[in-house]
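Below is one structure, written out as C-alpha cells, with a few remarks after it.
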Amino acid sequence: MVRTPRNSSLQEVREASRRVGDARYLSEADLQVLALALELKRAGLHPLIVTDDYSIQNVANQIGVNFTSLMTYGIRFRFNWILYCPACHRKYPSDYKFKSCEVCGTKLKRKPLRKTPL
Ligand SMILES: [Zn+2]
C-alpha cells in the first residue's frame, strides 16, 4: 500500500524533530516515514520503524512511535545505491535530483554500489 502523510502530520514531526535538535539531519523522506507512523499510531495501529538512523530513532521516541534496528531482523548489510543510465551508462549520485539522464533523457535505474557491513 502506498500512502502519503498529511501536511499536518508532517508539520508535527518537523516540530518534534526541531525540539530534539535533529531537524537538519532528517531528509524529507525521513520526515514522511515518521509522519506516516504517527498517523498509523493514531489510527490505533502499532507501527514499527526499522532504521539504524539515530536521528529517526530519536524523533520516533519523541512522538511515541516504536522503532528497532536493522540488526533485529538479521539484516547484515546496508546498500549504498548509485543511479545509472541504462542507455548511455552515465553514472549519477544516489541523491541526484532528476529522474532521467541529462545526456540522453532515458529514465535512470539504480543498483547497489557497495555493501556496508552493519
Ligand atoms: Zn543516458
Qualifying positions in the stretch 1-42 - modelled with pLDDT under 90 and surrounded by 19 or more Cβ atoms within 10 Å (Cβ to Cβ): 22
Go through the stretch 86-108 and count every residue that is surrounded by 11 or more Cβ atoms within 10 Å (Cβ to Cβ) and closer than 30 Å to residue 50 by Cα. 6
Looking only at the stretch 43-76, which residues are surrounded by 11 or more Cβ atoms within 10 Å (Cβ to Cβ) and closer than 17 Å to residue 1 by Cβ? 47, 48, 49, 50
For residues that are among the basic types (Lys, Arg) and modelled with pLDDT under 75, scanning just the stretch 67-118, find the one that is farthest from the ligand (Cβ to nearest atom). 76
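The values are calculated or read from the model by the stated rules, or taken from the named source; none is laboratory data. Bear in mind the structure is a predicted one, so any value in this text is a computation, not a measurement. In this analysis, Cβ positions are derived from the backbone assuming ideal geometry, glycine residues included, and neighbour counts consider all displayed protein chains.
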